[in-house]
1. Expressed as a whole percentage, what fraction of the accessible surface of the chain belongs to carbon and sulfur atoms when a 1.4 Å probe is rolled over the protein heavy atoms?
2. Which three semi-axes in whole Å describe the equivalent ellipsoid of segment 156-245, each the square root of 5 times a Cα gyration tensor eigenvalue, listed largest first?
3. Hey, what number do you get for the chain at 222 nm if only DSSP H runs of n ≥ 4 count, each worth -39500 (n - 2.57), divided across all residues, to the nearest 500?
4. Under a point-charge model restricted to the Cβ atoms of Lys and Arg (+1) and Asp and Glu (-1), what is the dipole moment magnitude of the chain relative to its Cα centre, in debye to the nearest 20?
5. For the chain, max minus min Cα coordinate along each principal axis, in Å, sorted largest first?
6. Once Rh is set to the Kirkwood radius over Cα pairs, what Stokes-Einstein translational diffusion coefficient, in µm²/s, holds for segment 61-173 at a temperature of 4 °C and a viscosity of 1.567 mPa s?
7. Given TRP263, THR432, ILE41, which one lies farthest toward the positive end of the charge dipole of the chain, if we put +1 on the Cβ of every Lys and Arg and -1 on the Cβ of every Asp and Glu?
8. Plugging the Kirkwood radius over Cα pairs into Stokes-Einstein for segment 373-443, at a temperature of 25 °C and a viscosity of 0.890 mPa s, what D comes out in µm²/s?
Amino acid sequence: MLGRGGRILSRRGAPPTPGVRAVTADTVELVRVRVPAAAAIVLATAISALLIAPAAGYDSWAWLLWGREVASLSLSTAEGPAFKPLPVAVCAVLSLLGPAAPMAWVLIARAGAVVAVWVAYRAAGALPAAAVALTGAFIAYTANGAETGWTTAFALLGLVAWRDGRVRVAIAWGLACGLLRVEAWPFLVLAGAVASRRHPELRLPLVGCAVAVLALWFVPEWLGSGDILRSGARARVPNPGQPATEGVPALAALREAATIPLWPLWIGALFTPPRLRPVLLGGLAWIGLVALMAQAGFSGEPRYSLPGAACVAVAGAAGLLELARRHAAGAVLVAVALLAAASPKLADLPQLRHDQAYQRALDTDLRRAIAAAGGRAALLACGRPYVGRLRGPLLAYRLNVEKRRVGFAPRPPGVVFRSRLRDDAPVEPAATGFRPRARTGHWEVVDGCA
């Protein structure tokens, strides 16, 4: 209990021992800080759903599909994006929610983005928090349920904990990050080597954690596809225009990564305060690792560099604040430069809102189209289902079939789901020799039943 002046007392009114007083005070402080923060994170996530429609993207639909299959002990990862153990595990739990699972996953992914911004705020202030939110396509990726928000949050939490000397906590956050992106693995190995040298009692638990991370990545893939390296092979198939398609992929990846943070933040990085230098170095190392992986055959897409770029943004924004404190006139220039750099990203938000609303309608109309065309059983009895590119996981999820059962080059017998990927894109796929079956909203269903 608390006495006058907030003094902590025991039940009998006597002051507790120093150890008990310290633990109780820490608990009170933890509740005082974390509960309002958690409430703010939940509120911000809920507001995001009102401002931008919560619609899942390509990878998210695959994770939702695989999560449902894990829950039913029927995992098939033979086709689709790279397998990621943590999103699939969460989606397996969310599958218990039934129709609400897709929205729940997108909101959880967005909560990760809010947590990343909150960590930046706690570590360095409001400007670094804004810098994270405006890093590259951070908002766009997390809007459709990508893992980017949580990867960035875990990376920042781990680096800040390491800076503060909380080795065990840092490694715990690093393990969570390592279940989202393989780029975190070298950092985990290095941190584990340092931790085992400083704390020999951690060596056995660290080995166990390493084995667990590898098992969670590779065993489900082996069971689901028969190819333990399928995800790695899939990651080596770049989309057109990505760094891996350039003459020197590493340089192309570095060039792309340099454009992800707002450009004034690179100037601010030169003045990073000492307390945030580990965050800066960690971010630069992450970017460099993505470039090396691009040279080794991985795609090197900017979204892979984004967590590292967000760390650079935090350090750079703190450096700009430090520079502005030293030179009052420079504060005005900093504000103008940041506003100019951020304006294009802010101007893109209405388009993002429009795109997400379209994807939301695409999903809603697909469910209606399946019902209007006779339902799942009747459609699958007709033959193989076909759909346009980047809509395979969505159709597989809504038809409740394995991803490999969905085709993209229609031929009878089968049923074709035709739509536009975006409202300004052509209707796909082309379907010759098929009869109209149903039309609902953004979808046209045609069939060539046997």
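1. The nonpolar share, carbon plus sulfur, comes to 66 percent.
2. Those come to 29, 18, 9 Å.
3. My calculation for the chain gives -21000 deg cm²/dmol from helical runs alone.
4. I would put it at about 1020 debye.
5. Rounded to whole Å, the extents work out to 82, 58, 43 Å.
6. 86 µm²/s
7. ILE41
8. Reported coefficient: 199 µm²/s.
The values are calculated or read from the model by the stated rules, or taken from the named source; none is laboratory data. Bear in mind the structure is a predicted one, so any value in this text is a computation, not a measurement. Don't worry about glycine lacking a Cβ; one is built from the backbone with ideal geometry, like all the others, and counts go over all protein chains shown. The accessibility values were calculated without ligands, DNA or RNA, using every heavy atom of the protein model including side chains. Shrake-Rupley method; radii C 1.70, N 1.55, O 1.52, S 1.80 Å.
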